[in-house]
Amino acid sequence: MKETIVWSKDNCPYCDMAKNLLKSSGITYEERNLSDNWTKDQLLEVVPKATTVPQIFLHGEYVGGFTELEKYYEDHNMWSGNPGV
């Protein structure tokens, strides 16, 4: 299965909500925190138009931010805790 990545930063409520949603679904992810070892330039290399965090890649597919992650869950019937795509 392809990697799930969450670009985030400290003190970001939407980042926390996205990470909690993924965790509650049993989806493991790599966090790339802009407050730690990752830079905005690195984020912009993979998401050139990113202006906010989180920016989420679910199983290798770019989803967007938290609102888009919620929509992805709705569209793929994932609210039951099924981590499938």
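The values are calculated or read from the model by the stated rules, or taken from the named source; none is laboratory data. Here the structure is a predicted model, which is why all the values come from computation and not from measurement. Cβ sites come from the backbone with ideal geometry, for glycine too, and all protein chains shown count toward neighbours.
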Notebook entry, point to check: Does residue 64 satisfy the criteria of being under 10 Å from the mean Cα position of the chain (by Cα) and either at positive phi or modelled with pLDDT of 95 or more (or both)?
Noted result: yes
Check: Based on what the data block shows, is residue 53 β-branched (Val, Ile, Thr), buried (at least 16 other Cβ atoms within 10 Å of the Cβ) and in a strand (DSSP E or B)?
Finding: no
Next item on the list: Just give me the residues in the range 24-58 being out of contact with any helix residue (DSSP H, G or I) (no Cβ under 9 Å at 6 or more places or on another chain), under 23 Å from residue 74 (Cβ atoms) and at pLDDT 95 or above, in sequence order.
Entry: 47
Next item on the list: For the range 53-63, indicate whether the set of residues that are within 13 Å of residue 6 (Cα to Cα) and without any contact (Cβ under 8 Å) to a residue 24 or more places away in the chain is non-empty.
Entry: yes
Note to self: Among the numbered criteria (1) touching an Asp or Glu at 6+ places or on another chain (Cβ under 9 Å); (2) buried (at least 17 other Cβ atoms within 10 Å of the Cβ), which one does residue 22 miss?
What the structure shows: (1)
Next item on the list: Determine whether residue 23 is over 18 Å from residue 61 (Cβ atoms) and basic (Lys, Arg).
Entry: yes
Next item on the list: Starting from the range 10-29, take each residue that is under 17 Å from residue 68 (Cα atoms) and list its partners that are surrounded by 14 or more Cβ atoms within 10 Å (Cβ to Cβ) and among the basic types (Lys, Arg), counting only C-beta distances under 7 angstrom and pairs at least six apart or across chains.
Entry: 15/9
